[in-house]
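Okay, so here's the structure we're looking at.
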Amino acid sequence: MSNTTLLVLKLYAGFLLASFLSALMCWTLPEFLPGKRAFALQLCLYHTIATTALWHSPRFIPITFGASPESIGITLERIWCVMHGLLSAAFALWWHITLPYTTALKATNLTSKAL
């Protein structure tokens, strides 16, 4: 590995560690808080980008499931890609499910300020 590759891996590891710790800290927060929603949007975008990058990347993991799965395109990279895609979809779904909480809170705040 070159020094550039090692540096990129270290930066990526730092990004993943920061995301993981942020997710742990946000887990118990209420669904309507803007910080939690912004973090969920960031994770959704990250997993979408990871899905696209993995889908278009050449084979780089030297593990195979055998000739039969390989013949229909089932590789470890594709499975990893699908997992990122499912996570991205889950974050997007959560985002849309919690929109009524945010709207209700915003309406409550506007009503209380008018009084």
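The values are calculated or read from the model by the stated rules, or taken from the named source; none is laboratory data. Note that the coordinates shown come from a computational prediction; the quantities given were computed from them, not determined experimentally. A quick note on method: Cβ atoms are made from the backbone with ideal geometry, for glycine too, and the neighbour counts reach across all protein chains shown. For the accessible areas, the whole protein counts, side chains as well, though only heavy atoms, and no ligand, DNA or RNA atoms are used. Shrake-Rupley method; radii C 1.70, N 1.55, O 1.52, S 1.80 Å.
Computed values, structure above
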quantity	calculated
Pairs where the first residue, in region 85-108, is of a type in the set (Val, Ile, Thr) and the second is outside any helix (DSSP H, G or I) and surrounded by 12 or more Cβ atoms within 10 Å (Cβ to Cβ), C-beta under 6 Å, 6+ apart	98/31; 102/32
Scan of region 30-73 for residues that are under 19 Å from residue 100 (Cβ atoms) and open to solvent by 40 Å² or more (accessible area, probe 1.4 Å), ordered by number	30, 31, 32, 33, 34, 35, 38, 41
Hits in region 60-73 (condition: over 22 Å from the mean Cα position of the chain (by Cα) and in a loop (DSSP other than H, G, I, E, B))	62, 63, 64, 65, 66, 72, 73
Contacts under 6 angstrom Cβ, first residue in region 25-40 being at negative phi, partner open to solvent by 60 Å² or more (accessible area, probe 1.4 Å) and acidic (Asp, Glu), 6 or more apart	none
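Residue-by-condition table, conditions (1) under 30 Å from residue 23 (Cβ atoms); (2) not polar (S, T, N, Q):
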residue	(1), (2)
58	no, yes
63	yes, yes
67	no, yes
74	yes, yes
79	yes, yes
85	yes, yes
92	yes, yes
105	yes, yes
109	yes, no
